[in-house]
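Peer 1: Have a look at this one before I ask anything.
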Amino acid sequence: MLLPSWLVIGAIALLLSIVINRIPTDDLRWFFRLKRPSWLTFEFLIPFIWIFIFVCLVLSASLVWDSNINLFPKIMLMSSYAILQVSILAYTRVMCAVRSLMVGTAIGAFGFFIGLILAFFVAKVDSSALALLMPYLLWSPIGTYVTWAMIPLNRNDI
């Protein structure tokens, strides 16, 4: 019996998350000591927002995998989903490693554009899969803007 695509894709996504998100304590300490904008009252919700987004991305990728397109386009789209996830996970990992909010802002913007490109191609395959990309495409600019708004508050950590 074959495993359902959402389970396989979800396991791969979880494995990528575990491998990439191993952030050293000193780097996390740097991140948590940064000043945040006063209007960022919803910061406690951000982990839950990202969990929701990752579940949506897994379900979107599963719908694409289960669609009736040829194998090569499927592999290309799955690779694009993986690139998107790596860019999302690289945000915290790389920004904290180099201790630069400007780098974090650039990675956030890069991920958004990868998401837009992916959405363009997914739209041709499955409208439900496209709808499941929308939470990321709506949240990503907000998260990137939050990072950008932190730069003037943390001039020594840009």
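The values are calculated or read from the model by the stated rules, or taken from the named source; none is laboratory data. Bear in mind the structure is a predicted one, so any value in this text is a computation, not a measurement. In this analysis, Cβ positions are derived from the backbone assuming ideal geometry, glycine residues included, and neighbour counts consider all displayed protein chains. Note: areas computed on protein heavy atoms with side chains; ligands, DNA, RNA excluded. Shrake-Rupley method; radii C 1.70, N 1.55, O 1.52, S 1.80 Å.
Peer 1: Identify, from the list 79, 62, 87, the residue that is in contact with a Pro (Cβ under 8 Å, 6 or more places away or on another chain), part of a helix (DSSP H, G or I) and not acidic (Asp, Glu).
Peer 2: 62
Peer 1: Specify which of the listed residues (95, 102) is open to solvent by 30 Å² or more (accessible area, probe 1.4 Å) and either in contact with a His (Cβ under 6 Å, 6 or more places away or on another chain) or in contact (Cβ under 8 Å) with a residue 40 or more places away in the chain (or both).
Peer 2: On the way: 95 fails: open to solvent by 30 Å² or more (accessible area, probe 1.4 Å).
Exactly one residue qualifies, and that residue is 102.
Peer 1: A further question on this structure: If residue 69 satisfies all but one of (1) of a type outside the set (S, T, N, Q); (2) modelled with pLDDT of 95 or more; (3) more than 27 Å from residue 145 (Cα to Cα); (4) open to solvent by less than 60 Å² (accessible area, probe 1.4 Å), what's the number of the condition it fails?
Peer 2: Among (1) of a type outside the set (S, T, N, Q); (2) modelled with pLDDT of 95 or more; (3) more than 27 Å from residue 145 (Cα to Cα); (4) open to solvent by less than 60 Å² (accessible area, probe 1.4 Å), residue 69 violates only (2).
Peer 1: Consider the stretch 110-127. How many of its residues are open to solvent by 50 Å² or more (accessible area, probe 1.4 Å) and closer than 21 Å to residue 92 by Cα? Before the answer, list the steps.
Peer 2: Of all residues in the stretch 110-127, those open to solvent by 50 Å² or more (accessible area, probe 1.4 Å) come to 110, 113, 116-117, 120-121, 123-124, 127.
The next check asks that each one be closer than 21 Å to residue 92 by Cα; those that pass are 110, 113, 116.
Residues flagged as open to solvent by 50 Å² or more (accessible area, probe 1.4 Å) and closer than 21 Å to residue 92 by Cα within the stretch 110-127 amount to 3.
Peer 1: Which of the residues that make up the stretch 15-45 are within 14 Å of residue 89 (Cα to Cα) and among the β-branched types (Val, Ile, Thr)?
Peer 2: 18, 19, 20, 23
Peer 1: Could you identify the single residue in 52, 110, 44 that is of a type outside the set (Gly, Ala, Ser) and either farther than 22 Å from residue 20 by Cβ or not in a helix (DSSP H, G or I) (or both)?
Peer 2: Numbers: 52 fails: either farther than 22 Å from residue 20 by Cβ or not in a helix (DSSP H, G or I) (or both); 110 fails: either farther than 22 Å from residue 20 by Cβ or not in a helix (DSSP H, G or I) (or both).
Checking each option against the conditions leaves just 44.
Peer 1: State yes or no: is residue 16 more than 30 Å from residue 5 (Cα to Cα), in a helix (DSSP H, G or I) and at pLDDT below 95? Full working, then the answer.
Peer 2: Details: more than 30 Å from residue 5 (Cα to Cα): no; in a helix (DSSP H, G or I): yes; at pLDDT below 95: yes.
Considered against the rule, which asks whether it is more than 30 Å from residue 5 (Cα to Cα), in a helix (DSSP H, G or I) and at pLDDT below 95, residue 16 comes out as no.
Peer 1: Can you name every residue in the stretch 27-41 that is under 20 Å from the mean Cα position of the chain (by Cα) and either under 12 Å from residue 154 (Cβ atoms) or in a helix (DSSP H, G or I) (or both)?
Peer 2: Step one: list which residues in the stretch 27-41 are under 20 Å from the mean Cα position of the chain (by Cα), which gives 27-28, 31-32, 40.
Hits for the stretch 27-41 are 27, 28, 31, 32.
This table checks each residue for (1) among the acidic types (Asp, Glu); (2) closer than 24 Å to residue 146 by Cβ; (3) in contact (Cβ under 8 Å) with a residue 40 or more places away in the chain; (4) surrounded by 13 or more Cβ atoms within 10 Å (Cβ to Cβ).
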{"residue": "2", "(1), (2), (3), (4)": "no, no, no, no"}
{"residue": "6", "(1), (2), (3), (4)": "no, no, yes, yes"}
{"residue": "10", "(1), (2), (3), (4)": "no, no, yes, yes"}
{"residue": "27", "(1), (2), (3), (4)": "yes, yes, yes, yes"}
{"residue": "35", "(1), (2), (3), (4)": "no, yes, yes, no"}
{"residue": "48", "(1), (2), (3), (4)": "no, yes, no, no"}
{"residue": "51", "(1), (2), (3), (4)": "no, yes, no, no"}
